[in-house]
Amino acid sequence: MILGDREIFEAIKRKEIIIEPFDEKRLNSNSYNLRLYNQMYLVEDEVLDMKKPSKVKEIIIPEEGYTLLPGNLYLGRTLEYTRTECYVPLLEGRSSIGRLGIFIHATAGFGDVGFSGYWTLEISVVKPVIIYPEIEICQIYYHEVKGCEKKYCGKYQNNNEIQVSGIYRELTNC
């Protein structure tokens, strides 16, 4: 079952869901709008190698905007820190963002019970698009989960910055 606005708000009051900073105006009927931080990475590698960390160039998104170009992979992060203790968090792009041809994740919209940190966004675009810092770029929503004993404690836990793929750690430590 997906939590509605009242349940999300009550879970926040009980500290079962943490969203910092929280603004009740961004609470929707069954989700909460998260904003884009003003820092991004442009992945510079022409060929991505799963056994190596990606080479990136830092971008600071100015107030007047920054143009994203097709054919590039950008990594951004949410301005908001989130944590859940007993719900499965999921992330989706807002429909207004999608209608501009902006994708906010390739496949990483599914979170784990116990995740704590900022969400890294795998951003790509269909056409050139000017983006702005702190735009409400995506929405987080929550599912109830039953029978969960393990909480997330993986490589992206408690992050405070944009995360490149960490799969190289799995492949080189076999």
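The values are calculated or read from the model by the stated rules, or taken from the named source; none is laboratory data. All values derive from a computational prediction rather than experimental measurement. Glycine also receives a Cβ, built like all others from the backbone with ideal geometry; neighbour counts cover every protein chain displayed.
Brief remarks follow.
- The listed residue being surrounded by 12 or more Cβ atoms within 10 Å (Cβ to Cβ) and modelled with pLDDT under 95, out of Gly93, Gly65: Gly93
- Boolean, Ile19 is at pLDDT 95 or above, exposed (fewer than 12 other Cβ atoms within 10 Å of the Cβ) and not aromatic (Phe, Trp, Tyr): no
- When the residues of the range 115-135 are filtered to those that are small (Gly, Ala, Ser) and out of contact with any Pro (no Cβ under 9 Å at 6 or more places or on another chain), the one that is farthest from Thr84 (Cα to Cα) is Gly117.
- Scanning the range 16-48 for residues that are touching a residue at least 60 places away in the same chain (Cβ under 8 Å), over 18 Å from Ile135 (Cα atoms) and not hydrophobic (A, V, I, L, M, F, W, C) yields a count of 2.
- Flag for Glu63 being more than 19 Å from Gly166 (Cα to Cα), out of contact with any Gly (no Cβ under 9 Å at 6 or more places or on another chain) and either among the charged types (D, E, K, R) or not in a loop (DSSP other than H, G, I, E, B) (or both): yes
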